[in-house]
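> Next up is a structure, given as structure tokens.
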Amino acid sequence: MKYQQISASLFIKNRAKFMAQMKPKSIAVFNSNDVYPISADSTLPFEQHRDIFYLSGADQEETILVLFPDALNKAYREVLFVRETNAHIAVWEGEKLTKEKATEVSGIESIYWLSDFDKVFFDLMTEADIIYFNTNEHYRQAVETQTREDRFIKKCKEQFPAHQYAKSNPILQEIRGVKEPEEITLMQTACNITEKGFRRLLGFVKPGVWEYEIEAELLHEFIRNRSKGFAYTPIIASGNNANVLHYIENNQQCQDGDLILMDVAAEYANYSSDLTRTIPVNGKFTSRQKAVYEAVLRVKKEATSMLVPGTIWAEYHKECGEIMTSELLGLGLLDKADIQKEDKKWPAYKKYFMHGTSHHIGLNTHDYGSLKTPMKANMVFTVEPGIYIPEENMGIRIEDDVVIQEKGAPFNLMANIPIEVEEIEDLMHR
Ligand code: GLY
Ligand code: MN
Ligand code: MN
């Protein structure tokens, strides 16, 4: 791991919050992700399943966490199973979690090798009536592969058909949606690394630079600051590429007079940051580019001020749409007739701003968190309005990550990342 070890106290707290919501005589199991194959003996770099990470800090494949608050033997209330390591494995694969290290990382005393799982788990299941399965109920999930969790659930249902089932996901959505101070610190670190990357670019972008060269600059800056890289596939979109919302080819040359939209951010310790900035390739906005940019920035500022405890996500989005509508009228992109005849289910502003304004962010870029209940302090959201005008060869989005406060305006984790027109132009001309 490149990141500094996280104090186990965070994971101890997280487990306590989860277990407090479990039903009597119930057991919950969390699996690591698979290491995904490419072909032959190649694999993708390992990415830990964020739920087992959140509850244990174990950042290693083939790990299983079992929580059983009512276990008769106290030692079995929290158990972590890790892949057996030994001197031979250490030579080939380097450092793996030993039992001692697994305890240090997670705060869990009972560590077993994975080979003991079936026996120990069977014994625990004879004491339990209910088993919590960790299914994926994220509102945007679209998973086609069978995960380790899926395989575990299938096997478990066959082996223990008389148990009752329950869902871990609603509990995780609720508790992961509200961040602990330690998590906010980790997210601030991710945002600070992103800031370093972005500042590096301001001196690098100029006509003739290729989008992938910008990607390389960022990756260099991220990794040298202990990030493993981008928190999500970077979008580095010059000119009209910015009007393809999920443009990830990043293979075009940046042209004089164009804008470049960059939705690029670092992860740190598996926590995401999520930044978008749109800058002029030649360091100077035209007056039209500036007018559109400042309209987006005003929407962003107004939207941010609405992120307070009690706000309902759907109502907030409706309000953001209304603010955007008035900006689009001001820019001459919409007229009164467009609004009068608009379809309320797909309002006129959606022609130029077709995505959401905010999402929860945390261990996942599009994180868990309730979207139907009022917002709470210490939820972390992005704010990311945009205006996309293919006929004018520009797409502008601006995105920061903010923490809802008990009182007053949210705290902007990206407050130090240049955003005002003059600031960007000034830094690009130094
Ligand atoms: N970078 C992904 C998003 O902004 O939602
Ligand atoms: Mn985002
Ligand atoms: Mn983004």
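The values are calculated or read from the model by the stated rules, or taken from the named source; none is laboratory data. For clarity, every value in this text was computed on a predicted model and none was experimentally measured. Counting neighbours? That spans all protein chains shown, and the Cβs are built from the backbone with ideal geometry, glycine included.
> Of all residues in the stretch 290-303, count the ones that are away from ligand 2 (no atom under 16 Å from the Cβ) and crowded, with 21+ Cβ neighbours inside 10 Å. Break it down stepwise before answering.
Our first condition is that a residue be away from ligand 2 (no atom under 16 Å from the Cβ); within the stretch 290-303, this holds for 290-295, 297-298, 301-302.
Remaining after also requiring crowded, with 21+ Cβ neighbours inside 10 Å: 292-293, 295.
The qualifying residues number 3.
> What number goes with the only condition from (1) under 20 Å from I398 (Cα atoms); (2) within 18 Å of the chain's Cα centre (by Cα) that S238 does not pass?
(2)
> If you don't mind, another one. What are the residues in the stretch 100-138 that are farther than 21 Å from N86 by Cβ and exposed (fewer than 12 other Cβ atoms within 10 Å of the Cβ), if any?
Residues satisfying the conditions are F122, T126.
> From the residues in the stretch 1-29 that are among the basic types (K, R) and not in a loop (DSSP other than H, G, I, E, B), which one is farthest from T126 (Cα to Cα)?
Restricting attention to the stretch 1-29, the residues satisfying the condition of being among the basic types (K, R) are 2, 13, 15, 17, 23, 25.
If we keep only those that are not in a loop (DSSP other than H, G, I, E, B) too, we end up with 13, 15, 17.
Numbers: K13: 27, R15: 22, K17: 25 Å.
So the residue we want is K13.
> Which of the following residues is in contact (Cβ under 8 Å) with a residue 40 or more places away in the chain, within 16 Å of ligand 2 (Cβ to nearest atom) and not in a helix (DSSP H, G or I): Y232, Y247?
Numbers: Y247 fails: in contact (Cβ under 8 Å) with a residue 40 or more places away in the chain.
The conditions single out Y232.
> Provide a single number: the residues in the stretch 104-120 that are without any contact (Cβ under 8 Å) to a residue 60 or more places away in the chain, part of a helix (DSSP H, G or I) and not aliphatic (A, V, I, L, M).
Number of matching residues: 5.
The rows are residues; the columns are (1) more than 30 Å from G208 (Cβ to Cβ); (2) small (G, A, S).
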position: I248; (1), (2): no, no
position: N282; (1), (2): no, no
position: A291; (1), (2): no, yes
position: S305; (1), (2): yes, yes
position: E319; (1), (2): yes, no
position: A348; (1), (2): yes, yes
position: K351; (1), (2): yes, no
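> Further, regarding this structure: Could you identify the single residue in E342, E384 that is within 16 Å of ligand 1 (Cβ to nearest atom), among the charged types (D, E, K, R) and surrounded by 15 or more Cβ atoms within 10 Å (Cβ to Cβ)?
Working: E342 fails: within 16 Å of ligand 1 (Cβ to nearest atom).
It is E384.
> Can you find even one residue in the stretch 189-208 that is within 21 Å of I389 (Cα to Cα), more than 18 Å from the chain's Cα centre (by Cα) and within 16 Å of ligand 1 (Cβ to nearest atom)?
no
> Since E149 meets every condition but one in (1) touching a Lys or Arg at 6+ places or on another chain (Cβ under 8 Å); (2) of a type outside the set (F, W, Y); (3) surrounded by 14 or more Cβ atoms within 10 Å (Cβ to Cβ), which condition does it not meet?
Of the numbered conditions (1) touching a Lys or Arg at 6+ places or on another chain (Cβ under 8 Å); (2) of a type outside the set (F, W, Y); (3) surrounded by 14 or more Cβ atoms within 10 Å (Cβ to Cβ), the odd one out for E149 is (1).
> Name the residues in the stretch 373-398 that are within 16 Å of ligand 3 (Cβ to nearest atom) and either at pLDDT below 95 or in contact with a helix residue (DSSP H, G or I) (Cβ under 8 Å, 6 or more places away or on another chain) (or both), would you? Can you show your working first?
Step one: list which residues in the stretch 373-398 are within 16 Å of ligand 3 (Cβ to nearest atom), which gives 380-388, 395-398.
If the condition is that a residue be within 16 Å of ligand 3 (Cβ to nearest atom) and either at pLDDT below 95 or in contact with a helix residue (DSSP H, G or I) (Cβ under 8 Å, 6 or more places away or on another chain) (or both), then V380, V383, E384, P385, G386, I387, Y388, G395, I396, R397, I398 are the ones that fit.
> Now a separate question. Just to be sure I understand, how many residues within the stretch 224-260 are surrounded by fewer than 18 Cβ atoms within 10 Å (Cβ to Cβ) and within 12 Å of ligand 1 (Cβ to nearest atom)?
5
> From the list Y271, Y349, exactly one residue is within 16 Å of ligand 3 (Cβ to nearest atom), among the aromatic types (F, W, Y) and crowded, with 16+ Cβ neighbours inside 10 Å. Which is it? It would help to see each step written out before you state the result.
Details: Y349 fails: within 16 Å of ligand 3 (Cβ to nearest atom).
Selected residue: Y271, the only one of Y271, Y349 that is within 16 Å of ligand 3 (Cβ to nearest atom), among the aromatic types (F, W, Y) and crowded, with 16+ Cβ neighbours inside 10 Å.
> Would you point out which residue out of S370, S273 is closer than 15 Å to I404 by Cα and touching a helix residue (DSSP H, G or I) at 6+ places or on another chain (Cβ under 6 Å)? Quick ask: steps written out before the conclusion?
Working: S273 fails: closer than 15 Å to I404 by Cα.
Just one listed residue meets the conditions, S370.
> Looking at the stretch 410-430, is at least one residue touching a helix residue (DSSP H, G or I) at 6+ places or on another chain (Cβ under 7 Å), farther than 26 Å from R199 by Cβ and either within 16 Å of ligand 1 (Cβ to nearest atom) or modelled with pLDDT of 95 or more (or both)?
no
> If we keep just the residues of the stretch 250-285 that are in a loop (DSSP other than H, G, I, E, B) and charged (D, E, K, R), which is nearest to ligand 2 (Cβ to nearest atom)?
The first filter runs over the stretch 250-285 and keeps only residues in a loop (DSSP other than H, G, I, E, B), leaving 250-252, 254-258, 264-265, 269-270, 273-275, 281-285.
Right, trim to charged (D, E, K, R) and you get 256, 258, 274, 284.
Numbers: D256: 29, D258: 23, D274: 4, K284: 27 Å.
Result: D274.
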